[in-house]
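Please treat every number below as a calculation from the coordinates, not as lab data. Keep in mind that this is a model prediction, so the values were computed, not measured. Glycine also receives a Cβ, built like all others from the backbone with ideal geometry; neighbour counts cover every protein chain displayed.
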Amino acid sequence: MPKISVEVPGELLADLDTHVGSDGKFVNRSEAIRASIRKTLDLLDEIDDRHSRLEPEPRSADGDRPESGGENDRDAHEDDGVRNGE
């Protein structure tokens, strides 16, 4: 998995930390950030779909969609790092 580095304002990081750890919804900051990115990308896809801006997903020679890539990968990891029952 590629690693990235970002600068985050202190108040945003403090708010994130309230949702991370033994009392939080997420196991660690990385899981919380990945979940947030996935949710944001899903919302952007919905907006693009409403405005007919999404390109159709490519199909393989046999007519099936590829196994990896795009929105389906986000769905497959939707629960990564989220604590059960919350």
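Odds and ends about this structure:
- Karplus (6.51, -1.76, 1.60) ³J(HN,Hα), θ = phi - 60°, over the range 18-34, in Hz, Gly and Pro reported as x: 5, 9, 10, x, 4, 9, x, 7, 10, 5, 8, 4, 4, 5, 5, 5, 4
- In this rough spin-label picture, where each label sits 7 Å from Cα along the Cβ direction, the GLU55-GLU7 distance is 3.3 nm.
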